[in-house]
1. Could you tell me the extents of chain A's C-alpha atoms along the three principal axes, largest first, rounded to whole Å?
2. At 222 nm, what value in deg cm²/dmol follows for chain B if DSSP H runs of at least 4 each add -39500 (n - 2.57) and the sum is divided by all its residues, to the nearest 500?
3. Given charges of +1 on the Cβ of Lys and Arg and -1 on the Cβ of Asp and Glu, with all other atoms neutral, how large is the dipole of the stretch A:169-219 about its Cα centre, in debye to the nearest 20?
4. For chain A, list the DSSP H helices whose alpha carbon atoms reach 20 Å or more along the long axis and whose average Kyte-Doolittle value is -1.0 or above?
5. Would you mind putting A:155-168, A:184-197 in packing order, based on average other-beta-carbon counts within 10 Å, highest first?
6. Hey, quick one: spin label on B:Trp66, modelled 7 Å out along Cα-Cβ, who in the stretch B:20-54 has an amide N within reach, i.e. under 17 Å?
7. Per residue of the stretch B:11-18, in order, report the coupling 6.51 cos²θ - 1.76 cosθ + 1.60 (Karplus, θ = phi - 60°) as ³J(HN,Hα) in whole Hz, putting x for Gly and Pro.
8. Can you give the mean number of other chain Cβ atoms that lie within 10 Å of the Cβ atoms in peptide B:18-27?
Amino acid sequence: MIERLLDIKRKFNSVLDLGSGPGHLSKMLEPYMTQKVVLLDSSEKLLKRDPDSEFEVEVERIHADEERLLEVVPKNSQEAILSCMSLHWVNDLPGILVQIKEALQPDGVFLGALLGGDTLFELRTSLQLAEAEREGGISPHVSPMTDSRDMSNLMGRAGFTLLTVDVDEVKVNYPSMWELMDDLRDMGESNAVVGRRHIIHRDTLTAAAAIYQAMHQNEDGSVPATFQVIYVIGWKPAPSQPKALERGTGQTNLKEVL
Amino acid sequence: MSSPGTSPATTPLKKLALHSTVTCAAQATDYGKCILATYTDIKKDACKEEFAKFGACLREAMKRRW
């Protein structure tokens, strides 16, 4: 994320870190990138967990729901909005993208990273198979996630220009499904689907662990967990930005060039 | 992160994890293989026998019934 921010040759007066948590991302910001960072998260405890001294730049904190961004941030006010690993928790993704665009100044930039695509497909399928075989039905244990394709459509739909969307796949090896589930819980990424079943039967859980092992096992006996991070960059349209020319306005004949 | 076999399992879930991956590994593998052979057309109780053995081993190891 920070590397991507460094690619933008601008010094900001202030950036907004949307869904910041305690500010993992913002702690990496240096004074030559921005003067100030505004953290915004829906969990007050997490937001105020770490003291200002851990940050290199000036900090402001806003405790608010990300999905009601425009209620706390005026329109056309932000130079840059960052969001690192929080948008996959948002219920109304198209809605929040529109709000982000509205909150940005013209020619303001949005940089986001979220989990999506094939993230945790091994866990998802193992639990589905275990439930189907043991109990004869399935229920969601892994949140629905967006695809990189959808992400570029959504960004375009929200009105961003000069889009960049790319995917980074990270495979983490675990001794077994149990350690993966421990880690997910510690990351605060447990199942939070509304109306989910609140328990998994012990038999189903052990069956899933056995299936995970059988279907995805590496040669050394460990099991992989896939995380796909979708990175998006989009700009709010402004008259100063370069635009594609009208069709048929080209002056050079391609035949001569090739 | 603790992995089974290296640290003593304390909570019931940790014990279950340990037994399902270490103590009853052979039965778990059999069950996994059965699923692997049938997963394109999975039905309830497709691997009932294999799971019964796996479950019995776990109940034995956990020293409780459920």
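Values in this text are rule-based calculations from the coordinates and carry no lab data. Just so we're clear, the structure is a prediction, and the values are computed from it rather than from any experiment. Methodologically, a virtual Cβ is constructed for each residue, glycine included, from the backbone with ideal geometry; neighbour enumeration extends over all protein chains shown.
1. Reported extents, whole Å, longest axis first: 65, 58, 35.
2. Mean residue ellipticity, 222 nm, calculated: -17000 deg cm²/dmol.
3. Result for the stretch A:169-219 is approximately 300 debye, rounded to the nearest 20.
4. Length and hydropathy pass: A:202-216.
5. A:155-168, A:184-197
6. Counting only backbone N, you get B:20-25, B:28, B:51-54.
7. Once rounded to whole Hz, the list reads 6, x, 5, 5, 5, 4, 4, 4.
8. Rounded to a whole number, the mean comes out at 3.
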